[in-house]
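Just below is one structure, and these are the notes that go with it.
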Amino acid sequence: MIHNFNAGPSVLPREVFEQAAAAVLDFNNTGLSILEIGHRTPLFQPVMDEARALVKELMQLDDDHEVLFLHGGATTQFMQVPMNLLNQNELASYTETGTWANKAIKEARLFGHVEIAGSTKETRFTSIPENLSVSSTAVYLHITTNETIAGTQWHEIPYDCGVPLVADMSSDILSRTLDFNRFGIIYAGAQKNMGAAGVNLVIVNKNLLGRVQHPIPTILDYRNHIAEASMLNTPPVFAVYVVLLTLRWIKEQGGITVMDSRNKAKAELFYSTLDALPLFKGPVAKKDRSNMNAVFTMEDPALEAEFMTLCKKEGMTGIKGHRSVGGFRVSMYNALTIESVKALTDLMHSFAQQHG
Ligand SMILES: *Cc1c(COP(=O)(O)O)cnc(C)c1O
């Protein structure tokens, strides 16, 4: 039995793997592989249409919000967002919450002025900023709703910051109920909660577009993708298909509210165990802990190595902490079952007993 706690690419539902594998050999009883059909065919077009429609349905998006599937990973959005929204003489507001936020900030500086509305750098990103100061002249405020490496998550979204809200949701997309229509732009790489690597979900409020003065290369201009219904060029066909299968699975399970309550139950089980066992330490402020990525350490590095060995023996994969943080990180995305979390917390209990 394998328990997959990988941070990304990461666990997906078993049914999704089975259906994706079958489609590689024979897509919808056509005798053709999903990998060998044209994207503008009556075979693939419904895949793209259904995937976009399901995102709209699951997230309850209004008609101002367009759903796009784009290439390039979330990292491309770090530059594509300011390229589409920000003029050189204008200001964008960013929150500095860790590695991913910093990468977004670096790219925004290529296009205009950037202010830091709130930062937790001083506490080594172990919390989420409390009082933001957002200039009313800012074109938008950017947040990273879940910092995959630091293990923090915005539980209170700053909807009322006074300017359009842009969010990198790469590691908590479709994992919790939010008021998605109150965001100007949402983007997420698919490979953490939503599918295979190679495609981005980008949700854009179209009213924000068309106000920058510099030229935007054709492929990077959101308006062109909207006009072509996310088929401006060849989309990552297979990656979009895997997203569609995952979206269908989420819908069958009962939608985002069901994901939300399952994810809360898993996080509650994990963190209550962490707090009950003094052998393990969680660096993140309790109120800002991520329900997706939990980070923890142990006081004694020798014990860390021993616990890691034990986890490996028990089939727990992907729990080594990010190289910049150390210790452990367990990712509990939508498709991770509570049984896997239970297996891990049981192991933590028995390990603590042995060393108590
Ligand atoms: C993984 C991740 C990214 C980077 O995604 P790529 O698809 O590798 O470009 C960006 N932001 C967050 C929050 C992430 O977790």
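How about region 72-180: which strands (runs of 3 or more DSSP E) wholly inside it have at least 3 residues that are closer than 25 Å to PRO236 by Cβ?
Once the strands (runs of 3 or more DSSP E) in region 72-180 are filtered for at least 3 residues that are closer than 25 Å to PRO236 by Cβ, what remains is 165-168.
Just name the residue that is nearest to the ligand (Cβ to nearest atom) out of those in region 179-206 that are open to solvent by less than 10 Å² (accessible area, probe 1.4 Å) and closer than 22 Å to GLU90 by Cβ.
Looking at the filtered set, the residue picked out is TYR187.
Name the residues in region 133-149 that are within 11 Å of the ligand (Cβ to nearest atom) and either surrounded by fewer than 22 Cβ atoms within 10 Å (Cβ to Cβ) or of a type in the set (Asp, Glu) (or both), would you?
If the condition is that a residue be within 11 Å of the ligand (Cβ to nearest atom) and either surrounded by fewer than 22 Cβ atoms within 10 Å (Cβ to Cβ) or of a type in the set (Asp, Glu) (or both), then GLU147, ILE149 are the ones that fit.
Within region 334-343, can you find the residues that are closer than 15 Å to ILE2 by Cβ and under 23 Å from the mean Cα position of the chain (by Cα)?
ALA335, LEU336, THR337, GLU339, SER340, VAL341
I'd like to check something: does region 52-60 contain any residue that is touching a residue at least 60 places away in the same chain (Cβ under 8 Å), among the basic types (Lys, Arg) and assigned to a helix (DSSP H, G or I)?
yes
Looking only at region 152-177, how many residues end up being among the aliphatic types (A, V, I, L, M) and touching a Lys or Arg at 6+ places or on another chain (Cβ under 9 Å)?
Residues in region 152-177 being among the aliphatic types (A, V, I, L, M) and touching a Lys or Arg at 6+ places or on another chain (Cβ under 9 Å): 3 in total.
For VAL325, state whether it is in contact with a His (Cβ under 9 Å, 6 or more places away or on another chain) and within 19 Å of GLY98 (Cα to Cα).
no
Please determine, by comparing only the residues of region 62-72 that are open to solvent by 20 Å² or more (accessible area, probe 1.4 Å) and within 23 Å of ARG176 (Cβ to Cβ), which one is nearest to the ligand (Cβ to nearest atom).
Checking each candidate, the answer is GLU66.
Any idea which residue in region 217-242 is farthest from GLU50 (Cα to Cα), counting only those that are touching a Phe, Trp or Tyr at 6+ places or on another chain (Cβ under 7 Å) and of a type in the set (A, V, I, L, M)?
The qualifying residue farthest from GLU50 (Cα to Cα) is VAL237.
Please go through region 77-130 and give me each residue that is among the charged types (D, E, K, R) and either open to solvent by less than 30 Å² (accessible area, probe 1.4 Å) or closer than 13 Å to HIS142 by Cβ (or both), ordered by number.
Result: GLU96, LYS103, LYS106, GLU107, ARG109, GLU115.
Taking region 25-51 on its own, how many of its residues are part of a helix (DSSP H, G or I), of a type in the set (A, V, I, L, M) and in contact (Cβ under 8 Å) with a residue 12 or more places away in the chain?
The qualifying residues number 5.
Select the helices (runs of 4 or more DSSP H) contained entirely in region 207-324, then report the ones holding at least 1 residues which are open to solvent by less than 70 Å² (accessible area, probe 1.4 Å), within 25 Å of HIS355 (Cα to Cα) and of a type outside the set (Lys, Arg).
Counting at least 1 such residues, we get 256-276, 301-313.
The values are calculated or read from the model by the stated rules, or taken from the named source; none is laboratory data. Since this is a predicted model, take the numbers as computed values, not measurements. Please note: Cβ atoms are built from the backbone with ideal geometry, for glycine as well, and neighbour counts cover all protein chains shown. When the accessible area is computed, the model is the full protein with side chains, heavy atoms only, and any ligands, DNA or RNA have been set aside. Shrake-Rupley method; radii C 1.70, N 1.55, O 1.52, S 1.80 Å.
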